[in-house]
Amino acid sequence: MSARRYIFIEKSIKIVTTSARDTFIGAFVVESSLSHSIQDGLRYAATAAALSVIVKGAQSSSPTRKRF
């Protein structure tokens, strides 16, 4: 049986959560395709989703690598 692992991210103040799920999935797929570890991909995706909820608008809230 494998041990559970938790990934901690910083708390963000949410404004609009419209694209958080899409941002999370997209960021995870990108990191996974770049051959990073699953844990790194999840951390990156969680950070991207957290950044996406602090900006209004679905498309404009999706963060770019420059925002990291």
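The residues of region 42-68 that are under 16 Å from VAL29 (Cβ atoms) and either among the small types (Gly, Ala, Ser) or at pLDDT 85 or above (or both), listed by number, are LEU42, ARG43, TYR44, ALA45, ALA46, THR47, ALA48, ALA49, SER52, SER62.
Looking only at residues in region 16-29 that are closer than 8 Å to VAL53 by Cα and either part of a helix (DSSP H, G or I) or in contact with a Lys or Arg (Cβ under 6 Å, 6 or more places away or on another chain) (or both), the one that is modelled with the lowest pLDDT is VAL16.
The values are calculated or read from the model by the stated rules, or taken from the named source; none is laboratory data. Owing to the predicted nature of the structure, the values given are computational and were not obtained by experimental measurement. Because the Cβ atoms are built from the backbone with ideal geometry, glycine has one as well, and the counts that use them run over all protein chains shown.
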